[in-house]
1. Just to confirm a number: summing +1 for Lys and Arg and -1 for Asp and Glu over residues other than Lys52 whose beta-carbon lies under 12 angstrom from that of Lys52, what do you get?
2. Suppose each label sits 7 Å from its Cα in the direction of the beta carbon; what would the Thr32-Ser4 distance come out to in nanometres?
3. In a GNM of the chain with a 10 Å cut-off on Cα contacts, which of Gly157, Gly81, Gly121 has the highest mean-square fluctuation?
4. Quick check: from the Cα gyration tensor, does the range 17-72 come out rounded (a/c under 1.5), prolate or oblate?
5. How would Glu40, Glu154 line up by accessible area, probe 1.4 Å, largest first?
6. Given the DSSP H assignment, sum -39500 (n - 2.57) over each helix run of at least 4 residues in the chain and divide by its residue total; what's the result at 222 nm in deg cm²/dmol, nearest 500?
7. Put a dot 7 Å past each Cα toward the Cβ at Lys19 and Phe103; how far apart are the dots in nm?
8. What does the charge add up to near Glu162, with Lys and Arg as +1, Asp and Glu as -1, over the other residues with Cβ less than 12 Å from its Cβ?
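The values are calculated or read from the model by the stated rules, or taken from the named source; none is laboratory data. What you see is a predicted model; the values in this text were computed from it and never measured. Backbone-built Cβ (ideal geometry, glycine too); neighbour counts: all protein chains shown. Side chains are part of the model used for accessible areas, which takes the heavy atoms of the whole protein and leaves out ligands, DNA and RNA. Shrake-Rupley method; radii C 1.70, N 1.55, O 1.52, S 1.80 Å.
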Amino acid sequence: MVVSFVFVTGNANKLKEVKAILAAGGSGIEVTARAVDVPEVQGSTQEVALAKVRAAADKLGTACVTEDTALCFEALGGLPGPYIKDFLEKLGHEGLNTLLQGFSSTRATALCTFAYSAGPGTTPMLFEGSTEGNIVPARGPNKFGWDPIFAPTESDGKTYAEMDGEEKNKISHRYRALEKLRVYLQQQDDRSWAGRGMGG
(Lines give C-alpha, C1' and ligand atoms only; values in the text may rest on other atoms or scores of the structure.)
Protein backbone atom coordinates (compact mmCIF):
# COMPACT_ATOMS: atom_id res chain seq x y z
CA MET A 1 0.00 0.00 0.00
CA VAL A 2 1.44 3.35 -1.04
CA VAL A 3 0.87 6.30 1.27
CA SER A 4 0.01 9.42 -0.67
CA PHE A 5 -1.30 12.90 -0.05
CA VAL A 6 -1.93 16.16 -1.85
CA PHE A 7 0.45 18.93 -0.77
CA VAL A 8 -1.54 22.14 -0.93
CA THR A 9 0.90 24.65 -2.41
CA GLY A 10 1.49 26.70 -5.50
CA ASN A 11 5.14 27.18 -4.54
CA ALA A 12 7.37 25.04 -6.77
CA ASN A 13 10.39 25.49 -4.46
CA LYS A 14 8.49 24.16 -1.45
CA LEU A 15 7.24 21.17 -3.43
CA LYS A 16 10.78 20.44 -4.65
CA GLU A 17 12.14 20.53 -1.09
CA VAL A 18 9.39 18.31 0.29
CA LYS A 19 9.90 15.72 -2.45
CA ALA A 20 13.69 15.78 -1.98
CA ILE A 21 13.41 15.32 1.80
CA LEU A 22 10.96 12.42 1.48
CA ALA A 23 13.03 10.78 -1.28
CA ALA A 24 16.21 11.01 0.81
CA GLY A 25 14.44 9.17 3.64
CA GLY A 26 13.35 6.39 1.28
CA SER A 27 9.80 6.82 2.57
CA GLY A 28 7.91 5.63 -0.50
CA ILE A 29 5.35 8.36 0.21
CA GLU A 30 3.85 9.83 -2.95
CA VAL A 31 3.21 13.56 -3.09
CA THR A 32 1.18 15.46 -5.63
CA ALA A 33 0.56 19.20 -5.41
CA ARG A 34 -2.49 21.39 -5.88
CA ALA A 35 -2.88 25.11 -5.42
CA VAL A 36 -6.09 25.66 -3.45
CA ASP A 37 -7.53 28.96 -2.29
CA VAL A 38 -8.15 28.66 1.44
CA PRO A 39 -9.11 31.43 3.86
CA GLU A 40 -6.21 33.26 5.50
CA VAL A 41 -7.17 33.35 9.16
CA GLN A 42 -5.44 35.41 11.83
CA GLY A 43 -4.01 33.69 14.88
CA SER A 44 -1.15 31.53 16.05
CA THR A 45 0.77 29.33 13.62
CA GLN A 46 -1.15 26.33 14.94
CA GLU A 47 -4.56 27.99 14.53
CA VAL A 48 -3.72 29.10 11.01
CA ALA A 49 -2.50 25.61 10.06
CA LEU A 50 -5.58 23.81 11.40
CA ALA A 51 -8.00 26.17 9.66
CA LYS A 52 -6.15 25.87 6.34
CA VAL A 53 -5.95 22.08 6.26
CA ARG A 54 -9.61 21.64 7.22
CA ALA A 55 -10.67 23.98 4.41
CA ALA A 56 -8.34 22.27 1.92
CA ALA A 57 -9.58 18.77 2.82
CA ASP A 58 -13.19 19.90 2.36
CA LYS A 59 -12.39 21.37 -1.06
CA LEU A 60 -10.27 18.47 -2.32
CA GLY A 61 -12.18 15.61 -0.69
CA THR A 62 -8.99 13.67 -0.01
CA ALA A 63 -5.97 13.36 2.29
CA CYS A 64 -3.96 16.54 2.16
CA VAL A 65 -1.17 18.47 3.82
CA THR A 66 -0.69 22.19 4.25
CA GLU A 67 2.45 23.92 5.40
CA ASP A 68 2.91 27.14 7.30
CA THR A 69 6.24 28.77 7.95
CA ALA A 70 6.99 31.33 10.61
CA LEU A 71 10.12 33.35 11.28
CA CYS A 72 10.10 34.52 14.88
CA PHE A 73 12.46 37.33 15.95
CA GLU A 74 13.44 37.07 19.60
CA ALA A 75 13.77 40.87 19.95
CA LEU A 76 10.22 41.39 18.62
CA GLY A 77 8.52 38.90 20.90
CA GLY A 78 8.07 36.33 18.17
CA LEU A 79 7.02 38.63 15.32
CA PRO A 80 6.80 38.53 12.32
CA GLY A 81 5.99 34.87 13.05
CA PRO A 82 3.33 33.47 10.69
CA TYR A 83 3.08 36.86 8.94
CA ILE A 84 6.66 36.69 7.61
CA LYS A 85 5.47 36.42 3.99
CA ASP A 86 3.63 39.75 4.24
CA PHE A 87 6.53 41.43 6.08
CA LEU A 88 8.97 40.19 3.43
CA GLU A 89 6.80 41.44 0.55
CA LYS A 90 6.43 44.90 2.14
CA LEU A 91 9.93 45.38 3.62
CA GLY A 92 12.31 43.11 1.70
CA HIS A 93 15.44 41.56 3.20
CA GLU A 94 16.99 44.92 4.08
CA GLY A 95 13.84 46.11 5.82
CA LEU A 96 13.65 42.96 7.93
CA ASN A 97 17.20 43.63 9.10
CA THR A 98 16.28 47.26 9.82
CA LEU A 99 13.51 46.08 12.16
CA LEU A 100 16.20 44.82 14.52
CA GLN A 101 18.24 48.02 14.64
CA GLY A 102 18.56 49.20 18.24
CA PHE A 103 18.01 45.71 19.64
CA SER A 104 20.81 43.68 21.16
CA SER A 105 19.57 40.34 19.78
CA THR A 106 19.43 39.13 16.20
CA ARG A 107 18.31 35.66 17.25
CA ALA A 108 15.42 34.10 15.39
CA THR A 109 13.60 30.79 15.19
CA ALA A 110 12.49 29.32 11.88
CA LEU A 111 9.32 27.32 12.52
CA CYS A 112 7.55 24.98 10.12
CA THR A 113 4.14 23.48 10.76
CA PHE A 114 2.75 20.72 8.57
CA ALA A 115 -0.95 20.02 9.07
CA TYR A 116 -2.25 16.65 7.87
CA SER A 117 -5.87 15.75 7.26
CA ALA A 118 -6.87 12.21 6.29
CA GLY A 119 -9.88 13.74 4.53
CA PRO A 120 -13.01 15.82 5.12
CA GLY A 121 -14.42 15.60 8.63
CA THR A 122 -11.32 14.02 10.18
CA THR A 123 -9.30 15.56 13.01
CA PRO A 124 -6.15 17.20 11.62
CA MET A 125 -2.71 16.45 13.04
CA LEU A 126 0.09 19.00 13.43
CA PHE A 127 3.82 18.33 13.02
CA GLU A 128 6.27 21.09 13.92
CA GLY A 129 9.97 21.55 13.38
CA SER A 130 12.23 24.45 14.29
CA THR A 131 15.75 25.68 13.60
CA GLU A 132 17.51 28.34 15.66
CA GLY A 133 19.61 31.01 14.01
CA ASN A 134 20.27 34.70 13.49
CA ILE A 135 19.04 37.40 11.14
CA VAL A 136 21.93 38.69 9.02
CA PRO A 137 22.38 40.98 5.99
CA ALA A 138 21.30 39.07 2.88
CA ARG A 139 23.85 36.62 1.46
CA GLY A 140 23.48 34.01 -1.26
CA PRO A 141 21.05 33.59 -4.16
CA ASN A 142 17.68 35.27 -3.73
CA LYS A 143 15.61 32.29 -4.87
CA PHE A 144 13.57 31.30 -1.86
CA GLY A 145 11.86 33.77 0.47
CA TRP A 146 13.90 34.83 3.47
CA ASP A 147 16.64 32.18 3.07
CA PRO A 148 19.34 34.84 2.37
CA ILE A 149 18.89 36.53 5.80
CA PHE A 150 18.62 33.46 8.05
CA ALA A 151 21.88 31.91 9.29
CA PRO A 152 21.24 28.74 11.33
CA THR A 153 23.43 28.31 14.40
CA GLU A 154 24.33 24.82 13.07
CA SER A 155 25.67 26.14 9.76
CA ASP A 156 29.11 27.62 10.57
CA GLY A 157 27.87 31.06 9.54
CA LYS A 158 26.21 30.21 6.22
CA THR A 159 22.71 31.42 5.45
CA TYR A 160 20.13 28.97 4.15
CA ALA A 161 20.60 30.54 0.71
CA GLU A 162 24.36 29.80 0.75
CA MET A 163 23.81 26.09 1.39
CA ASP A 164 23.16 23.52 -1.29
CA GLY A 165 19.82 21.74 -1.07
CA GLU A 166 21.14 18.60 0.59
CA GLU A 167 22.97 20.59 3.26
CA LYS A 168 19.96 22.74 4.04
CA ASN A 169 17.56 19.80 4.11
CA LYS A 170 19.56 18.12 6.89
CA ILE A 171 18.96 20.92 9.39
CA SER A 172 16.00 22.92 8.13
CA HIS A 173 12.81 23.56 10.06
CA ARG A 174 10.94 22.06 7.09
CA TYR A 175 12.97 18.84 7.26
CA ARG A 176 12.37 18.45 10.99
CA ALA A 177 8.61 18.90 10.67
CA LEU A 178 8.36 16.70 7.59
CA GLU A 179 10.33 13.93 9.27
CA LYS A 180 7.69 13.79 12.04
CA LEU A 181 4.93 13.66 9.43
CA ARG A 182 6.76 10.90 7.51
CA VAL A 183 7.10 8.75 10.66
CA TYR A 184 3.41 9.24 11.48
CA LEU A 185 2.23 8.29 7.98
CA GLN A 186 4.44 5.21 7.85
CA GLN A 187 3.14 4.09 11.25
CA GLN A 188 -0.43 4.45 9.96
CA ASP A 189 0.51 2.42 6.89
CA ASP A 190 2.12 -0.30 9.05
CA ARG A 191 -1.02 -0.52 11.20
CA SER A 192 -3.14 -0.77 8.08
CA TRP A 193 -1.09 -3.69 6.78
CA ALA A 194 -1.11 -5.38 10.21
CA GLY A 195 -4.90 -5.05 10.35
CA ARG A 196 -5.26 -6.67 6.94
CA GLY A 197 -2.96 -9.50 7.94
CA MET A 198 -5.18 -10.25 10.93
CA GLY A 199 -8.27 -10.34 8.77
CA GLY A 200 -9.25 -6.82 9.84
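1. Numbers: positive: Arg54, Lys59; negative: Asp37, Glu40, Glu47, Asp58, Glu67, Asp68.
With Lys, Arg at +1 and Asp, Glu at -1, the net is -4.
2. 0.6
3. Fluctuation is largest for Gly121.
4. Details: a/c = 2.71, a/b = 1.41, b/c = 1.92.
Note, shape of the range 17-72 comes out oblate.
5. Values: Glu40 135, Glu154 100 Å².
Ranked list, largest accessible area first: Glu40, Glu154.
6. Details: 5 runs with 76 residues, N = 200.
Only helices count here, giving -12500 deg cm²/dmol.
7. 3.7
8. Working: positive: Arg139, Lys143, Lys158, Lys168; negative: Asp147, Asp156, Asp164, Glu167.
That sum, taken over residues with Cβ under 12 Å, equals 0.
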